[in-house]
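Below: the structure, in structure tokens.
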Amino acid sequence: MKLLEIIKFSKEYLEKYSFSKSRLESEKVISSVLGIERINLYSNFEMELTTDEKLKIKKILLKMVKQNKDFDEVIKENKKIDEIPNGKDFKKENLILLRKSIGYLKKYKVPNARLDAEYIFSHVLKIKRNALMLNFNIEITEKDKDIIRKYMYRRGKRREPLQYILKEWEFYGYPMNVDERVLIPRSDTEILVEECIKLLASEKFPKILDIGTGSGAIAISLGKQVVQSEVLGVDISEGALEVANSNKEINLARNVEFLKSDLFENINYKSYDLVVSNPPYIPLEEYEGLMPEVKGYEPKGALTDEGDGYYFYKKITEESWDYLRKGGYLAFEVGYNQGEKVAQMMEKKGYEIIARVSDYGGIERAILGKKV
Ligand code: SAM
Ligand code: GLN
């Protein structure tokens, strides 16, 4: 039963027993049980009440009718009665703040408004997201409320990506620092990492090169997952390399190094076991239509080649040949409709295509080839 119906029901009940201010009285009862200010009741009119709350309301109404006393009097005389709530219920208040935050994000058409609001609350309150509801009966300080409001504004009105607000994001189970200098690592890219791990399972001391490493997400997760590997991540952006190095630190990835290089320019080693890349692949035409979070905040140079989307595939397919040992692998992430053309390009160069991998939605995500 929703709050509005409960108010109506309680009012009618008191009316039946000739209470003069039946609406006011029923509102007082309900607001005391729910711990919501009376003036805020109607902004929560769709709230579902728990059985326990409904029972409490019923008990107080019964008492009022039986004793023919209004709410204030009943409360005064029954201070010790357990069914009359005392003390503040923070959970209710916090739920209202959460609900308002979700509404605010929805107003600005933020996809997954609830999830994002929960992420922000759990980040600010330092409670794990899946344990948020269990630990929600805490007093949120005014300072934290201010931070929450500020974050909601950035996520809602300004449509800043959640990940830049939180400044951290998980990739392949590893924490990654992220800010506007790097592309936010996507869960889609975990497919590429997964495939590379499989490829290298039987290699003894694999050497891996990650072109366009950004936050270092691919390089670091491969470094952690592939035992005894040595990984080099390169990027043209100095800002990205700073972030990647901070991620090396927090993940204690000693076998991973980062280097500034325009593609293969500064790379000397020529016998890699794997060259992997998630290059900027969005065609300029499509870049214009991206979501405000992506277009407004993520580095343009990480997303688009400012051309047809194939520039980096061509260059890397061409040049990687000289940096791989015979039998080594080239692995790409591809955009939703690019797999076929990239596979053809690789075959033309002499690579044998060994896998084309789709995500759970059936979209082709990774192309893997072998230098034969
Ligand atoms: N590897 C990261 C990931 O998967 O989350 C980031 C990939 S992001 C799509 C592409 C990266 O390529 C960006 O960090 C960008 O700075 C870098 N990049 C762009 N042009 C480059 C070039 N000519 N040489 C090296 N890196 C380049
Ligand atoms: N997958 C990213 C996106 O669609 C693009 C990353 C890239 O260009 N490699 O937002």
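The values are calculated or read from the model by the stated rules, or taken from the named source; none is laboratory data. None of these values were measured; they are calculated from a predicted model. Ideal geometry is used to build each Cβ from the backbone, glycine not excepted, and the neighbour counts take in all protein chains shown. The protein model used for the area step is the full one, side chains on, heavy atoms only, and it has no ligands, DNA or RNA in it. Shrake-Rupley method; radii C 1.70, N 1.55, O 1.52, S 1.80 Å.
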With all protein chains present, calculate the accessible area of ASP235 using a 1.4 Å probe and round the result to the nearest 10 Å².
-> 20 Å²
Using Cα atoms only, what is the angle between the long axis of helix 238-250 and the major principal axis of the chain, expressed in degrees (0 to 90) to the nearest 10?
-> 70 degrees
The answer for the chain, accessible area per residue at 1.4 Å probe in Å², is 52 Å²
Say the cut-off is 31 Å between C-alpha atoms; which of LYS260/LYS341; LYS270/LYS348; LYS157/LYS198; LYS260/LYS370; LYS21/LYS92 go over it?
-> LYS157/LYS198
Using alpha-carbon coordinates, inclination of helix 113-125 to the longest axis of the chain, degrees | 90 degrees
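Which percent, nearest 5, of DSSP beta bridges in the chain are antiparallel?
Percentage antiparallel, nearest 5: 45.
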In nanometres, what is the gap between the two model label sites at LYS69 and LEU115, each 7 Å from Cα along Cα-to-Cβ?
-> 5.2 nm
Measuring from label point to label point, each 7 Å out along Cα→Cβ, what is the LEU62 to SER187 span in nm?
-> 4.7 nm
Which whole-Hz couplings ³J(HN,Hα) result when phi for each residue of the range 290-300 is put into the Karplus expression 6.51 cos²θ - 1.76 cosθ + 1.60, θ = phi - 60°, listed in order with x for Gly and Pro?
-> 5, 4, x, 4, 6, 5, x, 10, 7, x, 4
How big is the accessible area of ARG23 in square angstrom, nearest 10, if you roll a 1.4 angstrom probe over the protein chains?
-> 110 Å²
For helix 3-16, what angle does its Cα long axis make with the longest principal axis of the chain, in degrees from 0 to 90 and rounded to 10?
-> 10 degrees
Measuring from centroid to centroid over Cα atoms, what is the spacing of the range 24-46 and the range 121-192 in Å?
-> 32 Å
Taking the chain as a Gaussian network, where each spring joins two C-alpha atoms under 10 Å apart, which residue of ALA113, ALA131, ALA302 fluctuates the most?
-> ALA131
Inter-part gap, Cα centre of the range 316-335 to Cα centre of the range 226-302, in whole angstrom, is 15 Å
